[in-house]
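Read through the structure below, which is laid out as structure tokens, and then see the notes.
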Amino acid sequence: MTSDVRVFIINMDTKVREQITENADGSYSIFLNAKLTQEQQIDSYIHAIKHILRQDFENHSADRIEYYAHKVS
């Protein structure tokens, strides 16, 4: 796993806190919602990093990924 992570703060729908993309070179892009408070952005960043560290992108079920993300600390 690469440790190359780029973070972007962009305007998104208020229902979306963050989005993560695995890039072709093995790096990751984390997009944080600019409409969130700084504390919410930090929480969202931590949530995204946990997905990356658990290598959730190898699991193809978004429901399963989110289940484990919220059940396992």
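Read-outs: derived from the displayed coordinates by stated rules, not from any lab. Keep in mind that this is a model prediction, so the values were computed, not measured. Glycine also receives a Cβ, built like all others from the backbone with ideal geometry; neighbour counts cover every protein chain displayed.
Quick notes
- Protection proxy ranking of 8-17, 39-48, by the mean of other Cβ atoms within 10 Å over each peptide's residues and highest first, is 39-48, 8-17.
- Placed amide H near M12: partners under 5 Å, 5+ positions off or other chain: A34, K35
- Amide H partners (placed H, <5 Å) of V7, local residues excluded: I30
- Shown in residue order for region 30-44 are the 3J(HN,Hα) couplings computed by the Karplus curve 6.51 cos²θ - 1.76 cosθ + 1.60 at θ = phi - 60°: 10, 10, 9, 6, 5, 7, 7, 5, 4, 4, 5, 5, 5, 4, 5 Hz (x for Gly and Pro).
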